[in-house]
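Working notes, beginning with the structure itself.
Read-outs: derived from the displayed coordinates by stated rules, not from any lab. The model shown is predicted, which means the values in this text are computed figures rather than measured ones. Neighbour counts are summed over all protein chains in view; Cβ atoms, including those assigned to glycine, are modelled from backbone coordinates with ideal geometry.
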Amino acid sequence: MYKLPGNAGVPVFGDKSLEFYRDPVSFCQQRIEKHRSRVFQCRMLNRPTAFICSVQGMRELLCEKSNLFLKDPTDLMTNMYGDTIVTSNGEEACLLRLSLTSLFTGSCLESSSDYITSVCERCLKDLSLSGQPECVYSAFKRLGTELVLGLFLNIRAEEQPDLFQEIMQLCTQHWHGLISAPVNLKVPLWSSGFSTALDARDKLMVIIKDKLENDTQGFVGSLGSLPLPDSTSASQHLLLFISALIPKALASLLTSFTLALSGNKQARLRAMEDPDYLRTVLLEVQRLWPPFIGGRRIADQDTTIAGFPVPKDYGAIYISHSVHRDPEVFQQPDNFLPERWSGRNAGQEHFLCSFGNGPRSCMGTKLTDVFLKEACMYLLKHYDWCLDPPSQDLEYKWLPVSRPANPPTISFTRLDLTRSDRSDTN
Ligand code: HEM
């Protein structure tokens with residue numbers, strides 16, 4: 001058997017984490033070309049690590065061999081959110097998934113639909129009001145935040161603006177801790193981002209616990225009555241669900257959607273009239289611009305990926321950006337071609353990994369799907385839009401959540417107003 005292409009380098013000095021964080025896409029692209037292989041090794045987080053950039057490798061890691069590759073319980077996610085499903089393994093993870101699934105499917109999901117409609121209407125109705133180009137990423141992040149705080153905590157921006165604002169700020173501080181170095185250092189007048197984040201987490205936990213104790217309605221009420229492993233589990237999961245992570249991921253997809261269809265009136269009309277075309281547009285948006293760069297596991301025993309040996313204790317990282325551009329599966333991989341999903345790639349949605357894949361895939365996919373369709377339909381029905389100014393640098397950054405590095409600005413024109421303007425002049 002051939003060894004994994006590349007080399008794992010010496011401890012500490014051979015570590016490539018910083019190079020990866022600086023530009024993960026070039027990092028992978030250079031090595032794919034150098035090794036002529038979409039699976040290779042490097043030292044990441046000071047551990048020899050297999051990088052998986054092919055569809056076949058991703059399916060093996062996340063589906064067929066998911067029992068051999070485990071979540072890392074010492075991941076930074078545990079530092080920030082405590083013990084949640086995200087970093088659990090084995091029977092514990094199965095039981096948690098079983099319990100939590102009911103919150104994101106069936107009648108719970110159905111009962112969210114009116115709120116989703118109203119929040120889209122409230123946050124998107126004024127995009128053309130100022131007459132100035134809108135910074136779409138910020139507008140969509142606000143929409144995502146209103147969605148999660150309303151759905152998961154019963155806190156509505158229009159009913160409790162001060163509390164809403166306070167939680168939003170705490171979530172932002174908490175988030176910055178997640179992406180700063182885990183150094184808990186405090187001196188008078190200065191504290192590291194990580195320690196500020198831990199303070200924010202404590203304050204959020206007070207609000208969450210109060211909600212869990214006193215609110216019997218909606219998601220909080222249902223979560224409070226689920227069979228969970230211990231008394232802190234419900235609050236830690238709520239902290240995860242309301243964190244800035246989800247609004248940012250939603251804003252990432254909505255921004256990519258508006259950019260992909262800006263200046264293409266025909267595609268917008270077609271997406272508005274044909275739900276299947278909208279479905280293929282959204283698939284293509286998540287293929288080319290997945291919000292998260294990927295996910296990480298640790299090999300629990302000696303095994304193989306794509307025919308290469310992966311020893312026990314090796315890390316394994318799937319890179320969604322590269323998996324989604326695997327030319328074996330996606331022809332003209334860099335081109336935005338929604339039609340591929342009703343042609344050559346029809347029925348191959350399971351070759352994507354924007355929401356993970358296999359038994360540990362995202363639990364919020366259905367909710368996200370409902371939300372995205374609602375938000376996109378609102379935009380399509382009510383607006384024409386175009387980049388303003390027409391020439392902007394749309395180069396993406398991929399970490400921590402993907403989006404154009406320079407926030408793009410877009411001008412929206414209301415379709416209904418255009419129509420009434422037209423009839424006024426007739
Ligand atoms: C655009 C929105 C979202 C994206 C792109 C996304 C993406 C992902 C990805 C990539 C994973 C797998 C990570 C891995 O393989 O290690 C994941 C897991 C997960 N997601 Fe999402 N997610 C989104 C929204 C949501 C929402 C709205 C919820 C629910 C509140 C949610 C709940 C979860 C949970 C609980 C897991 C862990 C599942 C497990 O470990 O078994 N996600 N998500």
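Structural remarks
- A protection proxy built from the mean count of other Cβ atoms within 10 Å ranks the segments 253-264, 83-94, most packed first, as 253-264, 83-94.
- Placing pseudo-labels 7 Å out from each Cα toward the beta carbon at residue 216 and residue 366 gives an inter-label distance of 2.6 nm.
- Sorted peptide list for 221-227, 240-246, criterion being average Cβ within 10 angstrom, highest first: 240-246, 221-227
- Counted charge near residue 220, where neighbours are those whose Cβ lies closer than 11 Å (Asp, Glu -1; Lys, Arg +1): -1
- Note on residue 65: lysines with a C-alpha under 21 Å away, same-chain residues under 8 apart excluded, are 3, 312.
- Local electrostatic count at residue 410 - Lys and Arg +1, Asp and Glu -1, tallied over other residues with Cβ under 10 Å: -2
- When the chain is reduced to its Cα atoms, the Kirkwood hydrodynamic radius in Å: 23.0
- Distance between the modelled labels on residue 206 and residue 13, one decimal in nanometres: 5.0 nm (7 Å Cα→Cβ projection).
- Net charge of the neighbourhood of residue 205, taken over other residues with C-beta under 12 Å away and scored Lys/Arg +1, Asp/Glu -1, is +1.
- Secondary-structure-derived ellipticity at 222 nm for the chain, considering helices only, amounts to -15500 deg cm²/dmol, per-run term -39500 (n - 2.57) for DSSP H runs with n ≥ 4.
- Rounded, prolate or oblate (a/c below 1.5 giving rounded, otherwise prolate when a/b exceeds b/c) for segment 15-95 by Cα gyration tensor: oblate
- In the chain, the DSSP beta bridges split such that about 80 percent are antiparallel, to the nearest 5.
- Label-to-label distance for residue 169 and residue 97 is 4.0 nm, based on points extended 7 Å past Cα in the beta-carbon direction.
- Evaluated with a Cβ-only charge set (Lys, Arg +1; Asp, Glu -1), the chain carries a dipole of roughly 1140 debye about its Cα centre, given to the nearest 20.
- Residue order, fewest to most beta carbons within 10 Å, for 403, 296: 296, 403
- Cα centroid separation, segment 57-83 to segment 102-162 (Å): 30
- Signed unit charges on C-beta, dipole axis of segment 13-135, positive-most listed residue 82, 21, 101: 21
- For segment 340-392: rounded, prolate or oblate by the Cα gyration tensor [a/c cutoff 1.5]: prolate
- Panel order for 148, 323, 370, by other beta carbons found within 10 Å of each beta carbon, from fewest to most: 370, 148, 323.
- Residue (of 379, 49, 223) at the positive-pole extreme of segment 17-425, dipole from beta-carbon charges: 49
- Nearby lysines by direct alpha-carbon distance to residue 203 (threshold 25 angstrom, same-chain neighbours under 8 apart not counted): 141, 186, 211, 248
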